[in-house]
C-alpha cells in the first residue's frame, strides 16, 4: 500500500521522491511538517495530492496579517431561535491542513495552532472540540521575503516534527511537470490509494516497531551532543528526542522492517533537528552551516554495534 501511495503521489508531484517519503514518515509518525521554500515549487500540490491519495478531507488556511484565531479554530455564534450559542467550525476541522505562509499572520493567530498540533483538539469558549483523525498540519513559509512577516518563535518551531525544503526540479523533471500541465493532469485527478482508516492502522503498526535500548542511547547521545556544541545557542529539546524516535520507527516501517537500526536514525535526524537549532552570533559571522555541524554530530555519536 505504501509503495503504491508513493508512486501515486510522485506521478503528480514530480521529481521529489525524498520529500514525499519524509512527509509520509511524518504522517505515519503522527507529526507535522514545516515546508520552507520559495513560492511556486509545488508545496500546495504536494498537500492536495497526498490528501486525495489517502482520501482525507483537505483544508487550506491562507494566513494574512488580519487572520484571526476564530477564523482558524472556529467560534461560538448565538442562535436567535434556540437562544443558545452554537459552535461554528473553523478551517482547522479537516484531516489535512495546509497552513499557507504561516509567518504572515500575527503570533496570536499562529499560537492557536499549537493546541491543535499537540493535542488534536481545540478549545473555544471553554469547550473542547476533537479534531478528525488522522490530523496533520503542513505549514509553509517563504525563507527569502521577510517584509510584513512574523517569524515563528522557538516554541512554535519545536512543535513541527520536520522542516523540509523542496527546491527546484532538474531539467527532465521540469519537462515532465510541463507535460502534465499541457495534458491537464492535475492533483484533482489523483486516484485514491487508501482510506483514512488505513492510515490510522498503519500509524498503530508504526508504534509497534521495536526500538532497542542501544538505539535509545544512540538517539539520546545525538541530542546531548547538540546541547554541548559551542556554536549553537541551545541544543535540541526532549521533544526533539521523542520525535526522532517516532520518525525513526516510521522510517524503519517504510523500509519493511519491524525494528529500528542506526541508519533509520541518521536518515531523519537532520530534518528533525535543523529548525530547532540557532547559531551563535560568532558562528553566523563565520558563516557556519547548521546542516554541516549536525552531520558531524551524527557521525561523532557512537553507533551501537548490536
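Laboratory data are not the source of any read-out in this text; all were calculated from the coordinates shown. None of the values given here were measured: they were computed from a predicted structure. When we count neighbours, we look across all protein chains shown, and the Cβ atoms used for this are built from the backbone with ideal geometry, even at glycine.
Annotation for segment 211-229 versus segment 122-171: alpha-carbon center distance of 26 Å.
Estimated from helices alone, the mean residue ellipticity of the chain at 222 nm is -14000 deg cm²/dmol (sum of -39500 (n - 2.57) over DSSP H runs with n ≥ 4, per residue). The C-alpha atoms of the chain define a longest principal axis, and helix 262-273 lies at about 50 degrees to it.
If you take the Cα centroid of segment 88-118 and the Cα centroid of segment 3-81, the two points sit 12 Å apart. Helix 238-254 and the longest principal axis of the C-alpha atoms of the chain enclose an angle of approximately 90°. Temperature 4 °C, viscosity 1.567 mPa s: under these conditions the Stokes-Einstein estimate for the chain, based on its Kirkwood radius over C-alpha pairs, is 63 µm² per second. Size descriptors for segment 208-300: radius of gyration and Dmax over Cα atoms are 13.7, 45 Å.
Rounded to a whole number, what is D in µm²/s for segment 93-249 from Stokes-Einstein with the Kirkwood radius over alpha-carbon pairs (37 °C, 0.692 mPa s)? D = 170 µm²/s. Antiparallel beta bridges, as assigned by DSSP with both residues in the chain, represent about 40 percent of the total such bridges.
At a Förster radius of 41 Å, what calculated FRET efficiency corresponds to the Cβ-Cβ distance of residue 281 and residue 210, to the nearest 0.05?
For residue 281 and residue 210, the calculated efficiency is 0.45.
Of the peptides 269-281, 44-56, 198-210, 218-230, the order by per-residue mean of other Cβ atoms within 10 Å, starting with the highest, comes out as 44-56, 269-281, 218-230, 198-210. Once the chain from residue 171 to residue 114 is taken as fully extended at 0.36 nm per residue, the excess over their C-alpha distance is 16.6 nm. Shown is the FRET efficiency for residue 84 and residue 2, computed with R0 = 41 Å from the Cβ-Cβ distance and rounded to the nearest 0.05: 0.35. Segment residue 127..residue 144, full-extension length gain: 2.2 nm, with 0.36 nm per residue of separation and the alpha-carbon distance subtracted. Packing, as the average of other Cβ atoms within 10 Å across residues, places the peptides 240-250, 134-144 in the order 240-250, 134-144, highest first.
In nm, what is the difference between 0.36 nm times the number of residues separating residue 217 and residue 197 and their Cα-Cα distance?
3.8 nm
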